1. Taking the condition of being part of a loop (DSSP other than H, G, I, E, B), open to solvent by 70 Å² or more (accessible area, probe 1.4 Å) and closer than 26 Å to Leu155 by Cα, how many residues in the range 5-46 meet it?
2. Between a first residue in the range 113-134 that is part of a strand (DSSP E or B) and open to solvent by less than 10 Å² (accessible area, probe 1.4 Å) and a second residue that is within 16 Å of the ligand (Cβ to nearest atom) and of a type in the set (A, V, I, L, M), which pairs have beta carbons less than 6 Å apart while being 6 or more apart in sequence or on different chains?
3. Just to be sure, is Pro57 at pLDDT below 95, closer than 26 Å to Leu140 by Cβ and of a type outside the set (A, V, I, L, M)?
4. Determine if the range 2-15 includes at least one residue that is on the phi < 0 side of the Ramachandran plot, in contact (Cβ under 8 Å) with a residue 40 or more places away in the chain, away from the ligand (no atom under 14 Å from the Cβ) and in contact with a Phe, Trp or Tyr (Cβ under 7 Å, 6 or more places away or on another chain).
5. So if I check each of Val59, Val67, which one is more than 16 Å from the ligand (Cβ to nearest atom), crowded, with 17+ Cβ neighbours inside 10 Å and closer than 23 Å to Pro129 by Cβ?
6. So, in the range 79-99, how many residues would count as being closer than 17 Å to Tyr112 by Cβ, open to solvent by less than 20 Å² (accessible area, probe 1.4 Å) and of a type in the set (Gly, Ala, Ser)?
7. Restricting attention to the range 100-109, which residues are in a helix (DSSP H, G or I) and open to solvent by 50 Å² or more (accessible area, probe 1.4 Å)?
8. Is there any pair with a first residue in the range 37-52 that is more than 15 Å from His74 (Cβ to Cβ) and a second that is small (Gly, Ala, Ser) and within 9 Å of the ligand (Cβ to nearest atom) whose Cβ atoms are under 8 Å apart and which are 6 or more apart or on different chains, and what are they?
Amino acid sequence: MSSMTLPYQEPLVPREPGERQIPEPPRRGEEGGPPCMLCAGKATAAVWSDDKWTLHPPVGGSLPGAVWLAARVHVDSFSDLPGEHQADFGRVAARVERAILALGDIGRVHLYRWGDGGAHFHVWFVPRPLGMLEASGMALPLWEDVLPNVPDEELRAAAERVAAGM
Ligand SMILES: [Zn+2]
């Protein structure tokens, strides 16, 4: 049985989805959309990098230890990555996961690849605090949104500890 619980008081009332927007508006880094923040050098500075990947801290978050991994090349999704990147992703994801777990007090590391905001390949690694079973599964990003933010300096310091463990 799952202990997952939404971070809202009940009763929640389901709503109908709105009108579909087709074609969808262009995303950052997509033709016709705003410029890619990563390629423009406007993303948060990387705490770690190698020849294929860069690792970045979040801003305005509530879970220290969260990081996002980006490809150095501007491509959209897994199927667009060069073969070497595809083959290397599991290796680098394992290193990031291990480095986050080494921070301690973490139950599990969740990976999210949404792709709805920007068209430059990046994957989120988000630690679920140890024992916080209500934030299991899909509830973690909702809890992340609702919990009070911690200072960006603290998020960056935790990401630097992750980088040191890579
Ligand atoms: Zn880009």
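The values are calculated or read from the model by the stated rules, or taken from the named source; none is laboratory data. Predicted model only: the values in this text are computed from it and were never measured. Every residue, glycine among them, receives a Cβ derived from its backbone with ideal geometry; neighbour counts consider all protein chains shown. Side chains included, ligands, DNA and RNA excluded: accessible areas come from the protein's heavy atoms. Shrake-Rupley method; radii C 1.70, N 1.55, O 1.52, S 1.80 Å.
1. Residues in the range 5-46 being part of a loop (DSSP other than H, G, I, E, B), open to solvent by 70 Å² or more (accessible area, probe 1.4 Å) and closer than 26 Å to Leu155 by Cα: 5 in total.
2. Sorted first by the residue in the range 113-134, then by its partner, the pairs are Val123/Leu69.
3. Taking the combined requirement at face value, the residue does not satisfy it.
4. yes
5. Val67
6. Number of matching residues: 1.
7. Leu101 - this is the single residue of the range 100-109 that is in a helix (DSSP H, G or I) and open to solvent by 50 Å² or more (accessible area, probe 1.4 Å).
8. Listed pairs, sorted by first residue: none to list.
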